[in-house]
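Encoded as structure tokens, the structure appears first; notes follow it.
The values are calculated or read from the model by the stated rules, or taken from the named source; none is laboratory data. Just so we're clear, the structure is a prediction, and the values are computed from it rather than from any experiment. Heads up, the Cβs are rebuilt from the backbone with ideal geometry, glycines too, and the neighbour counts pull from every protein chain shown.
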Amino acid sequence: MKRLILCIVLAFSALVVQAQSSKLETLVQSALQNSPLIKDLNNQILSAQIDSVRLRAGFKPQVTASGLGLYAPVIRGYGYANAITNGQQLTGLLTVDKQFIGKNYLNAQILSILNQKDSLRNTIKLSEQELRKTIIAQYITAYGSQEQERYNREITLLLSSEEKVLLKLTRSNVYKQADYLAFLVTYQQAQLQLKQAQLQYKADYSTLKYLAGIRDTSLDSLDRPNLVPGFISDKSQSIFFRQFQLDSIRIRNQQQLVDYAYKPKLHIYMDGGYNSDLTADYYKNWGASAGFGVTVPIYDGGQRKLLHKKVQLEEETRQQYKNFFDRQYSQQIYQLTEQIKGYDSLLADIRNQFKYAESLIKVDAKLMQTGDLKIADLILAVNNYLSVRNLLTTNLVSQLQLINQLNYYNR
């Protein structure tokens, strides 16, 4: 029987955690689906795929059809030189042109496009991670506002019931009118704080839905985000370091493309059709021709070396950024981890203090009914309770924000 109860409790707990996670994850997924930036990056990947196909197609035989008609009249000896224009011309040709390049050159150009696609995919992951962090951060803020509103509502309800009791005791001359008025001021302040907390929660929740791209303006309750600090075993596999690796591949590929651009190039062509000056035997002017062209770079004024130097400077810059980010990354992870641990100790102390503040209010409420309590002491206890509640919420939100920031770097 005990095992059955334990299984039921564990299953219920799992469902609660899943519901909490699903609500936050639903908002995150909605933001990702509605993000125009991510859609733009995905379209750029598709565009790069098209460029890859176009590149291969560009080195296949290119077939074109062309036509030309010319008539240059000579009137009374005035007109273009007939030796140049032939007086008239009619041409209709079908041309096939093929450019030949080395296989390595083609592979280097394809690699450039593949690297571009990999960079775009990594940029998508970075954008998703940034958007996820933004949504979770706003969720935490809205959750903190909700908790603040809930605490203020609880204390307002408590003061409301105590106000009725105090009013009766004041009418019975157990307490003075001044005591009742002092308590009433505290009660009204609590009501104002509740209204302010409600407005803040509504604003934060609306901002959350706005960021997620949800047009619904209704208010729902938010569960505490189930955030656990995550750590990546090999930071070199992180999406942040992945970009430096992709940049290194891109720079090496640029060096290869510079060299391949100075390789000899060959293209051949063939054409066939009709080409005539429409003079005698014009009906026999059907024919064909073939040819080739070769380009061999010899001297460019030292541009090749300058291009290599320019690319090398880019590699040095990449390495400097990588080394700097490496140091900053490790330091950031360490600082965030230590801050989170510090909040664990602080929150434990605040929760312990909160128990005393809560117990004090309960004791004061009982003493007030018998007239053995100074109203000033009750007001002080209420203010201390609100202060500790606010301190607990503020520090809990701060810790959750730190965990969110830590998890942002660990992907």
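Within segment 159-194, work out how many residues are surrounded by 13 or more Cβ atoms within 10 Å (Cβ to Cβ), over 17 Å from residue 385 (Cα atoms) and free of Cβ contacts under 8 Å to residues at least 12 places away in the same chain.
1
Can you spot a residue in segment 72-81 that is of a type in the set (Val, Ile, Thr), more than 30 Å from residue 264 (Cα to Cα), at pLDDT 90 or above and surrounded by 12 or more Cβ atoms within 10 Å (Cβ to Cβ)?
no
Quick check, is residue 64 among the polar types (S, T, N, Q), closer than 30 Å to residue 281 by Cα and exposed (fewer than 14 other Cβ atoms within 10 Å of the Cβ)?
Answer is yes for this residue.
Evaluate segment 56-69: report whether one residue or more is over 30 Å from residue 266 (Cα atoms) and within 14 Å of the chain's Cα centre (by Cα).
no
Here are some residues: 336, 313, 307. Which one is within 30 Å of residue 264 (Cβ to Cβ), surrounded by 14 or more Cβ atoms within 10 Å (Cβ to Cβ) and of a type outside the set (Val, Ile, Thr)?
From the options 336, 313, 307, the qualifying one is 307.
So the check is Cβ under 8 Å with 6+ separation or different chains; which pairs have a first residue in segment 36-64 that's in contact (Cβ under 8 Å) with a residue 12 or more places away in the chain and in a helix (DSSP H, G or I) and a second one that's among the acidic types (Asp, Glu) and surrounded by 13 or more Cβ atoms within 10 Å (Cβ to Cβ)?
These pairs meet every condition: 38/128.
Here are some residues: 257, 246. Which one is in a helix (DSSP H, G or I), more than 20 Å from the chain's Cα centre (by Cα) and either over 30 Å from residue 394 (Cβ atoms) or β-branched (Val, Ile, Thr) (or both)?
Being in a helix (DSSP H, G or I), more than 20 Å from the chain's Cα centre (by Cα) and either over 30 Å from residue 394 (Cβ atoms) or β-branched (Val, Ile, Thr) (or both) holds for just one of 257, 246, which is 257.
(1) in contact with a Leu (Cβ under 9 Å, 6 or more places away or on another chain); (2) surrounded by 14 or more Cβ atoms within 10 Å (Cβ to Cβ); (3) among the charged types (D, E, K, R): which one isn't true of residue 351, the others all being true?
It is condition (2) that residue 351 fails.
Failed condition for residue 262, given (1) part of a helix (DSSP H, G or I); (2) aromatic (Phe, Trp, Tyr); (3) within 42 Å of the chain's Cα centre (by Cα), with all others met?
Failing condition for residue 262: (1).
Residues 376, 348: which one is of a type in the set (Gly, Ala, Ser) and touching a helix residue (DSSP H, G or I) at 6+ places or on another chain (Cβ under 8 Å)?
It is 376.
Would you confirm whether or not segment 280-300 contains a residue that is at negative phi, more than 39 Å from the chain's Cα centre (by Cα), assigned to a helix (DSSP H, G or I) and surrounded by 11 or more Cβ atoms within 10 Å (Cβ to Cβ)?
Checked against the condition, which is being at negative phi, more than 39 Å from the chain's Cα centre (by Cα), assigned to a helix (DSSP H, G or I) and surrounded by 11 or more Cβ atoms within 10 Å (Cβ to Cβ), segment 280-300 yields at least one hit.
Restricting the search to segment 372-397, which residues are among the hydrophobic types (A, V, I, L, M, F, W, C) and over 23 Å from residue 341 (Cβ atoms)?
Matches in segment 372-397: 373, 375, 376, 378, 379, 380, 381, 382, 386.
Within segment 372-379, identify whether any single residue is touching a residue at least 24 places away in the same chain (Cβ under 8 Å), loosely packed, with under 15 Cβ neighbours inside 10 Å, within 30 Å of residue 238 (Cα to Cα) and not polar (S, T, N, Q), and answer yes or no.
Checked segment 372-379: no residue is touching a residue at least 24 places away in the same chain (Cβ under 8 Å), loosely packed, with under 15 Cβ neighbours inside 10 Å, within 30 Å of residue 238 (Cα to Cα) and not polar (S, T, N, Q).
What number of residues within segment 291-322 satisfy the criterion of being under 17 Å from residue 251 (Cα atoms) and not hydroxyl-bearing (Ser, Thr, Tyr)?
Residues in segment 291-322 being under 17 Å from residue 251 (Cα atoms) and not hydroxyl-bearing (Ser, Thr, Tyr): 17 in total.
Of the conditions (1) over 25 Å from the mean Cα position of the chain (by Cα); (2) without any contact (Cβ under 8 Å) to a residue 24 or more places away in the chain; (3) within 30 Å of residue 26 (Cα to Cα); (4) in a helix (DSSP H, G or I), residue 200 fails just one. Which one is it?
(2)
Within the group 400, 391, which residue is among the aliphatic types (A, V, I, L, M) and either out of contact with any Gly (no Cβ under 9 Å at 6 or more places or on another chain) or surrounded by fewer than 15 Cβ atoms within 10 Å (Cβ to Cβ) (or both)?
From the options 400, 391, the qualifying one is 391.
Taking the conditions exactly as written (within 25 Å of residue 100 (Cβ to Cβ), out of contact with any helix residue (DSSP H, G or I) (no Cβ under 9 Å at 6 or more places or on another chain) and at pLDDT below 90), does residue 281 satisfy them or not?
Taking the combined requirement at face value, the residue does not satisfy it.
Select from segment 331-357 the residues that are touching a residue at least 12 places away in the same chain (Cβ under 8 Å) and hydroxyl-bearing (Ser, Thr, Tyr) and list them in ascending order.
Across segment 331-357, the qualifying residues are 337, 343.
Identify, please: which residue in segment 79-118 is in a loop (DSSP other than H, G, I, E, B) and not hydroxyl-bearing (Ser, Thr, Tyr) and is, among those, nearest to residue 249 (Cα to Cα)?
Of everything passing the filter in segment 79-118, 102 is nearest to residue 249 (Cα to Cα).
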